[in-house]
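A.B. asks: Once you've had a glance at the structure underneath, I'll fire off some questions.
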Amino acid sequence: MSANLLRPIKSIEQIFRKPHTIRFPEEKKEISPRYRGFHITEWEKCIGCGNCRDICPVNAINMEVIPRLKGKVEIGENPERPAIDYGRCCFCGLCVDICPTSAMSLSQDFIMVEPELNDFYFISDEKRIDKKSWVANEEESLVDFKRKKMPVLSPAKRVKSFEEMVLGFPENIAIAEANRCLECGECVDACPAHMDIPEYIRAISKGDNKESVRIMYRTNPFLMTCGRICTHNCETACAVEKRGEPVAIRWLKRYAADNVDIKDYPDYKVEKIYKKPKVAIIGAGPAGLSAAFYLSINGIIPTIYERHSKAGGMLRYGVPPYRLSDKELDKDINYILSYGAKIKYNTVVGEDIKIEWLLKHFDVVYIAIGLQAARWLRFPNYRHKNIYSAVDFLEKVNTGKKIKIGKEVLVIGGGNVAMDVARSAVRLQHMEYGKSNVKILSLEAMDELPALEEEVEEAIEEKVKFIPRRSVIEPILEGKKLIGVKTVKVTSVFDEKGRFAPKLDKSDVKEYKCDMIIQAIGQMCPFHCLEDIKDKIKMTPQRKVEVKDSYETSVKHLYAGGDIVNTRMDAVSAIATGRDFAFSIVKKYLKREPVR
Amino acid sequence: MHRNFEYYIGPNHPGIAGNFSIKVEANGDTVLNVEPEFGYLHRAFEKLMEDNLYIQNIAMVPRICVPDPDINEYCYCSAIERIAKKEVPERARFIRTLVLELSRIAAYLSYFGGIGGTIGLYTAPQWSVGDRDYILDLFEDLTGGRVYHIYMVPGGVRRDLPEGFEEKVLKVMDYIEERFKEYDDLIFGNKVFEKRTKGVGILTKEKAIELGATGPVLRASGYSYDVRKDNPYAAYNKVDFNVITAEDGDTYSRIMVRRREIEESIKIVRQVIDKMPEGEYKNQWYNPFKFDIPEGRVYVKIESSKGEYGYYFVSNGSDKPYRVNVRGASFPHIVTVFKELTKGARIEDIALILFSIDACPPEVDR
């Protein structure tokens, strides 16, 4: 390349070219469709989880409580929305990439002129919005929306016995699944027991199952059980669930509990056993046992009165063994009872022992009797020997008593219990006849079923047939033999206000063949055991026992918990009431904070 | 007989590349000694990294070198990938190579502007900064940011190539190639430029190796060493390019090595676009809040526009880096090489010599 004094002069032709520069503001630069400018937060999508705040490298995001959203958000949401300090923001867009609900995006807007310093800090909403540019779809997001696969028995294999169908995570998959958790804690509010979910999942992801179990026992003494049969409200509230599959919180709990030996369970040092208060608990179900556990680790040894010969209540007699076997339940119960709670088995309150006597001899009486009595659809001949209630049927299944299972079984109901009953019937039929024929008849349409979606899916996998939107009016009998049912069409189940008020179309009659009917339409409380006291107990409009914050009923020294109090009737809610009752007793009588 | 004078140049001076200063001791016009004084831009990046989550540092590391930021992102991500022993998809490797080369071209363009400025050819900065903006436009399309791209993450890149991006890149490459004919007329073929740079600030091959010079500074002294060739990373083993060297080791050679390297970079960009494989653009094996990085230590080196650029990275298995040490290529250049070059130089050449080694103060101070 030869240097020459004249060569630069060629550049003079630049004068005749168009300039690089843009004459702003007359001329506008075209902003790229991926530009990272000011934030846009879509408030309807935002759940206030705070993941954007947590990932922000420069602490520019603050979650501010929005007064008008208070009390209006659903479970699993916070009334908080991100406020951004543009004095700090570095426009990296990590907040967008981590947002599990895709509520956040960055815009093409980048010009801000404000007179006051504080004007650069504001709650990002759709006020000052240009076009959305930096967005994160499922693939681009930093969140892992895909759940790790849980090994289960194939439908063909599992219907042959009552063997547990879910096999549990192996270690590497459990850790990978635990690593999906963003630790925003939306699940904690949704869990009836308010378990410290992010904490115990973090312990699992670090491989420390013992620590994880210790964290769980702070709030829940039924790990093996809840790890299997919990209704997992936490997963519904999971922030990842909004766009993908939630973290498998329930299976992770199960994994941790399964892999810690009972020897390595937390060791509570009970320093002093208190003589007072004397506590009697009626019913050794989830509520009663959870109360007993938290009382005994605090030095109050209760006496439990149980109707059956084994503890566990509905967990033992109402949950089919393919979901929760006795072995796992016994691990939980043995640990609970290892702290000294006394159980009087085969004692029916109201028959063997009077409630007045209990109230006289104990300082605190806790009723946790649950809903043991079956509710019946009282159509003609409903007391036929081939018509069962779900409670009786499941109790027989669980205690291994012989049931003459029909060849064509009809289950009435659309809840989780109906699924349990139908799937147990499928297994009994396979063991008896080698094939199955079970139908579930429900008032609700398929998409209205109150049962958990996964339960319905698994029932369908096991070849359970569904007859939605029908109502039984009477069984068809041939002599004394049950041969079928007559049903009518249901036009709607709920009224405009969402209340349960089924409307029937009596002209549309259809018959279905069956030789066995199991009614799974709900349960009620066997209040008769409370005798005279029953009339003194105040009830709520939903026919539940009214209790104060301390779980004391309108009768002094008489406390209640579990399904007879809860509107949400699942195991974990019962466990939560039992625990909270125990804590309230510790606070009231021992005047100190409870050990947990 | 002249008296010795001390001159304080910088930290803010048009002839100084960024925020640092030099103390010049001169006798008349002849420089006796030069003391670089740095630390004006110390922002404790290395220390701050220890307090941030792995993912949060992605937004900070590009700030260690402003004109050529992507090298930091690459080193940081590559170090994590190597400690965690995770694969990066082929497409991500190619996209990273593309980003690194575009960044190198942008860095050289702003460098030529600086050269023009120090010689007094003030048209050059106008041109090169204007042309650099076309590359920044490409970055805006690809990464959403113009200067700090925050584009690479451990395991790949954050977004796939947008639609029609390849054509845009090729168009800009054609444009820059055309423009370089005009640059040759204006700067590199200018008699003034040649007179000012030839024979000024000579660094011999032996001295260059002894003083730890790397990159264009070393290559201009006749030693062929380029990390892209000798220790290929990203997708550099899949592309064909030459390592440019010059023999003289003077300021002219150092500038011309870079001038010719731009052509090689354009060649690499074209090949990368041509060979860009289909497939995944990231392999995300981690949760951004809970990196599962095992304990370990690694040194990652790459070829930046300034020279060999490296991260020494130590992980103790927690969710934050235990220690990150940045080996800025400019550090030996500014501390030792610059001192050597200015021995006996004339005072008006100081700024030019300083620019010829293309020092970047943020990576000296970290």
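A.B. asks: Can you tell me how many residues in the range A:1-52 are within 12 Å of chain B (Cβ to nearest Cβ) and of a type in the set (D, E, K, R)?
C.D. replies: Looking only at that region, the number is 9.
A.B. asks: Something else about it: Would you mind stating whether residue A:193 is surrounded by 16 or more Cβ atoms within 10 Å (Cβ to Cβ) and under 18 Å from the mean Cα position of the chain (by Cα)?
C.D. replies: Yes.
A.B. asks: From (1) without any contact (Cβ under 8 Å) to a residue 24 or more places away in the chain; (2) within 14 Å of chain B (Cβ to nearest Cβ), pick out the condition that doesn't hold for residue A:89.
C.D. replies: Of the numbered conditions (1) without any contact (Cβ under 8 Å) to a residue 24 or more places away in the chain; (2) within 14 Å of chain B (Cβ to nearest Cβ), the odd one out for residue A:89 is (1).
Results for (1) modelled with pLDDT under 90; (2) within 11 Å of another protein chain (Cβ to nearest Cβ); (3) closer than 30 Å to residue A:31 by Cβ; (4) part of a helix (DSSP H, G or I), shown as yes or no for each residue.
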| residue | (1), (2), (3), (4) |
| --- | --- |
| A:114 | yes, no, yes, no |
| A:142 | yes, yes, yes, no |
| A:161 | yes, no, no, no |
| A:177 | no, yes, no, yes |
| A:189 | yes, no, no, yes |
| A:198 | no, yes, no, yes |
| A:210 | no, no, no, yes |
| A:215 | no, no, no, yes |
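A.B. asks: Would you kindly identify the helices (runs of 4 or more DSSP H) lying entirely within the range B:1-112 that contain at least 3 residues that are among the β-branched types (Val, Ile, Thr)?
C.D. replies: Result: B:70-84.
A.B. asks: Let me ask something else. Take the range A:92-115 and flag every residue that is in contact (Cβ under 8 Å) with a residue 60 or more places away in the chain, under 31 Å from the mean Cα position of the chain (by Cα) and under 29 Å from residue B:137 (Cβ atoms).
C.D. replies: Within the range A:92-115, A:98, A:102, A:104, A:105 meet the criteria.
A.B. asks: Sticking with this structure for a sec: When the residues of the range B:183-199 are filtered to those that are assigned to a helix (DSSP H, G or I) and surrounded by fewer than 15 Cβ atoms within 10 Å (Cβ to Cβ), which remaining residue is nearest to the other protein chains (Cβ to nearest Cβ)?
C.D. replies: Per the criteria, the residue is B:191.
A.B. asks: Let me ask something else about it. Every residue in the range A:298-345 that is closer than 22 Å to residue A:563 by Cα, among the β-branched types (Val, Ile, Thr) and either touching a Pro at 6+ places or on another chain (Cβ under 8 Å) or assigned to a loop (DSSP other than H, G, I, E, B) (or both), please.
C.D. replies: Scanning the range A:298-345 gives A:319, A:336.
A.B. asks: Anything in the range A:391-402 that is within 15 Å of residue A:517 (Cα to Cα) and surrounded by fewer than 16 Cβ atoms within 10 Å (Cβ to Cβ)? List them, or say none.
C.D. replies: Passing the criteria: only A:392.
A.B. asks: Within the range B:119-137, which residues are within 25 Å of residue B:94 (Cβ to Cβ), at the interface with chain A (Cβ under 9 Å from one of its Cβ atoms) and of a type outside the set (Phe, Trp, Tyr)?
C.D. replies: Within the range B:119-137, B:131, B:133, B:137 meet the criteria.
A.B. asks: Out of B:156, B:130, B:164, B:144, which single residue is within 30 Å of residue B:78 (Cα to Cα) and surrounded by fewer than 19 Cβ atoms within 10 Å (Cβ to Cβ)?
C.D. replies: Only one candidate qualifies: B:164.
A.B. asks: Within the set of pairs 6+ apart or on separate chains, which have a first residue in the range B:303-321 that is of a type in the set (A, V, I, L, M), a second that is not in a strand (DSSP E or B), and C-beta atoms under 6 Å apart?
C.D. replies: That search, which allows pairs on different chains as well, returns B:314/B:322.
A.B. asks: Hey, among the residues in the range A:144-159 that are buried (at least 16 other Cβ atoms within 10 Å of the Cβ) and within 14 Å of chain B (Cβ to nearest Cβ), which one's nearest to the chain's Cα centre (by Cα)?
C.D. replies: Of everything passing the filter in the range A:144-159, A:147 is nearest to the chain's Cα centre (by Cα).
A.B. asks: Follow-up. Being farther than 21 Å from residue A:62 by Cβ and either surrounded by fewer than 17 Cβ atoms within 10 Å (Cβ to Cβ) or within 14 Å of another protein chain (Cβ to nearest Cβ) (or both): is that true of residue A:138 here?
C.D. replies: yes
A.B. asks: Which is of a type in the set (D, E, K, R) and closer than 21 Å to residue B:80 by Cβ, of B:340, B:264, B:278, B:303?
C.D. replies: One residue alone meets the criteria, B:303.
The values are calculated or read from the model by the stated rules, or taken from the named source; none is laboratory data. Predicted model, so just to flag it, every value in this text is computed and none were measured. For neighbour counting, all protein chains shown are included, and Cβ atoms are generated from backbone atoms with ideal geometry for every residue, glycine included.
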